[in-house]
Amino acid sequence: MAEPQRLAKRLAAQVPCSRRDAELYIAGGWVRVDGTVVEEPMARVQDAQVVALDAKARLEPLVPVTLIWHKPAGQALPEDAFLSDELAARWLAPATRFKGDRSGVRPLKAHGHRLIPVSPLEPAAGGLMVFTQNPSVQRKITDGSSPLEHEWLVEVQNDPELDDAARREAVLQSLGKLLFFEGTSLPVARASWQSERRLRLAIKGTLPGQVAFLAERAGLKLAGVRRLRLGRIGLDGLPSGQWRYLAAQERF
């Protein structure tokens with residue numbers, strides 16, 4: 001029996017095309033082996049297996065993608081430069097893709113590789129989380145010279161003192177005070193009450209732990225924190241645990 005050969009080599013000889021073009025077809029999700037899509041150019045195939053190139057196949061480079069995920073509260077993010085392929089496959093699976101995703105992007109396995117977590121949320125916090133393969137997107141979001149605004153929904157524990165209008169106003173005043181970090185003043189928070197136990201905060205360039213610190217300084221006990229918006233991109237009805245692609249026309 002002949003030794004199995006790399007799928008890219010087999011496809012290149014069968015089409016025919018260059019090995020590089022074969023790899024692009026495969027990674028682009030256009031190739032089936034015995035009727036099943038295979039997206040790994042290194043996959044091995046036997047001579048008897050049927051390799052087919054989709055009639056609609058387009059030869060185009062893989063474009064870096066950016067994904068928006070509604071992180072569930074309590075879900076810890078690893079402290080790594082890239083999200084592992086294993087976690088990407090688990091958290092960003094096709095089954096949890098938002099049905100309202102209008103990006104028109106065809107999901108590929110390659111989209112779960114070398115994703116950069118941008119402005120990671122702390123374990124207890126939930127809400128909008130960004131993963132990107134595009135370093136320019138990462139730079140845009142984390143640029144300290146022109147920080148993007150983060151919008152937060154903060155829920156506080158029951159406290160009879162908050163029934164007093166003066167106390168509620170004092171909370172807003174405290175949240176809006178200057179905060180210093182390593183000798184530098186940070187952008188002040190714009191705060192407003194959304195309900196009796198719910199606050200909205202808008203802060204440019206929020207640092208990890210900043211919302212919790214501001215709440216503690218104001219004498220509040222947190223019940224939950226959720227990021228609603230980052231720059232111009234918001235959750236917009238994205239359910240917890242689901243994700244979508246950033247569309248080509250969207251900008252942070």
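The values are calculated or read from the model by the stated rules, or taken from the named source; none is laboratory data. The shown structure was predicted, so the numbers you read here are calculated from the model rather than taken from an experiment. No Cβ is skipped: glycine too gets one built from the backbone with ideal geometry, and neighbour counts run over all protein chains shown. The protein model used for the area step is the full one, side chains on, heavy atoms only, and it has no ligands, DNA or RNA in it. Shrake-Rupley method; radii C 1.70, N 1.55, O 1.52, S 1.80 Å.
Look at the alpha carbon pairs under 8 Å that are at least 6 residues apart: their mean separation over the length of segment 97-191 gives a relative contact order of 14 percent.
Highest-first packing order for the peptide set 89-100, 69-80 is 69-80, 89-100, based on the mean count of other beta carbon atoms within 10 Å. The Cα-based radius of gyration and maximum Cα-Cα distance (Dmax) for segment 136-246 are 15.0, 47 Å.
Within the set of other residues whose C-beta is less than 12 Å from the C-beta of Trp243, count the net charge using Lys and Arg as +1 and Asp and Glu as -1.
Working: positive: Lys71, Arg90, Arg97, Lys99, Arg244; negative: Asp101.
That sum, taken over residues with Cβ under 12 Å, equals +4.
Output ³J(HN,Hα) for segment 239-252: one whole-Hz value per residue in order, computed from phi by the Karplus curve 6.51 cos²θ - 1.76 cosθ + 1.60 with θ = phi - 60°, and x for Gly and Pro. Along segment 239-252, the couplings run x, 4, x, 9, 9, 8, 7, 6, 6, 4, 8, 7, 9, 6 Hz. The alpha carbons of segment 108-153 give a radius of gyration and a Dmax of 12.1, 35 Å, in that order. When the chain is treated as a Gaussian network with alpha carbon springs shorter than 10 Å, the biggest mean-square fluctuation among Gly104, Gly234, Gly28 belongs to Gly104. Given 37 °C and 0.692 mPa s, compute D for segment 72-137 with the Stokes-Einstein relation, Rh being the Kirkwood radius over Cα pairs; round to the nearest whole µm²/s. Stokes-Einstein gives a translational diffusion coefficient of 255 µm²/s. Quick one: Debye curve from the alpha-carbon atoms of segment 1-118 only, equal weights, vacuum; give me log10 I(q)/I(0) at q = 0.11, 0.17, 0.22 Å⁻¹ to two decimals. Taking Cα atoms of segment 1-118 as identical point scatterers yields -0.46, -0.91, -1.23. For segment 206-252 versus segment 7-62, the spacing of their alpha-carbon centroids is 41 Å. Dipole size of the chain about its Cα centre, with +1 on Lys/Arg Cβ and -1 on Asp/Glu Cβ: approximately 620 debye, rounded to the nearest 20.
Farthest towards the positive end of the charge dipole of segment 6-83, among the residues Gln49, Val65, Ala76, is the Cα of Gln49, using unit charges on the Cβ of Lys, Arg, Asp and Glu. Evaluated at q = 0.21 Å⁻¹, the base-10 log of the normalised Debye intensity for segment 71-184, with identical point scatterers placed on the Cα atoms, takes the values -1.33.
For segment 111-231, which whole-number percentage of the solvent-accessible area (1.4 Å probe, protein heavy atoms only) is attributable to carbon and sulfur atoms? Can you show the working numbers first?
On the way: 3170 of 6160 Å².
Carbon plus sulfur share of accessible area: 51 percent.
Mind listing P(r) for segment 1-56? All alpha-carbon pairs, 10 Å bins, whole percents. Here the calculated profile for segment 1-56 is 28, 62, 10, 0.
Take the chain, compute every pairwise Cα distance, and split them into 10 Å bins from 0; I just need the percent in each bin. So the P(r) values, bin by bin, are 7, 26, 26, 19, 11, 7, 4, 1, 0.
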